[in-house]
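Following: one structure in structure tokens, then a few remarks.
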Amino acid sequence: MGKCNIRKGIIIDEAKKRSNKANLAFPDAMVENYANLIPNLKLPDKDDKHVLAAAIKTNANVIVTNNLKDFPQKYLSQFGISIKSADDFIADIIDLNNEKAIKAFRELVLNRRNPNLDEYQVLDNLRKNGVKNSADYLHSLL
């Protein structure tokens, strides 16, 4: 049997497949030519510099990550960028249009298979996976 290449719990071929699907779905999301910015950036974790460099290159307003401690807001503000957790970002999206958010959530639940879960079970799973505020917000709208 051949060697299985795994990175961060995902088989390399599967990671490439997912990346290709994302690039096809969001072609404008691909950021290039930002590497020259990396050496001058100062973050607590040097492995995160590419994220900030890409955000600067695209004139992003916000970086969405659950790794808040490695992106100091005071430093990011020098570049006109703020930081948000995924939970806060999703809650903001829900707040922009409650009706569309509920419709999308219900479609997600209806199309869910293996296991088939109802709305409240899906909300519980969201809570368990770190999107508690968003799940609570959706729950209050049902």
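Scanning segment 66-81 for residues that are loosely packed, with under 14 Cβ neighbours inside 10 Å and hydroxyl-bearing (Ser, Thr, Tyr) yields a count of 1. If the requirement is being out of contact with any helix residue (DSSP H, G or I) (no Cβ under 8 Å at 6 or more places or on another chain) and more than 16 Å from residue 64 (Cβ to Cβ), which of these qualifies: 123, 142, 138, 110? Just a single option satisfies the conditions, and that option is 110. Of the residues that sit in segment 20-54 and are surrounded by fewer than 11 Cβ atoms within 10 Å (Cβ to Cβ), assigned to a helix (DSSP H, G or I) and within 19 Å of the chain's Cα centre (by Cα), which one is modelled with the highest pLDDT? Going through the qualifying residues, I end up with 47.
Scanning segment 55-65 for residues that are surrounded by 12 or more Cβ atoms within 10 Å (Cβ to Cβ) and either touching a strand residue (DSSP E or B) at 6+ places or on another chain (Cβ under 8 Å) or under 25 Å from residue 133 (Cβ atoms) (or both) turns up 55, 60, 62, 63, 64, 65. Among the residues of segment 99-140, the ones that are touching a residue at least 24 places away in the same chain (Cβ under 8 Å) and either surrounded by fewer than 12 Cβ atoms within 10 Å (Cβ to Cβ) or within 17 Å of residue 86 (Cα to Cα) (or both) come to 9 in all.
The values are calculated or read from the model by the stated rules, or taken from the named source; none is laboratory data. What you are looking at is a predicted structure, and each value in this text was computed from that prediction instead of being measured. All Cβ positions, glycine included, derive from the backbone under ideal geometry; neighbour counts span all protein chains shown.
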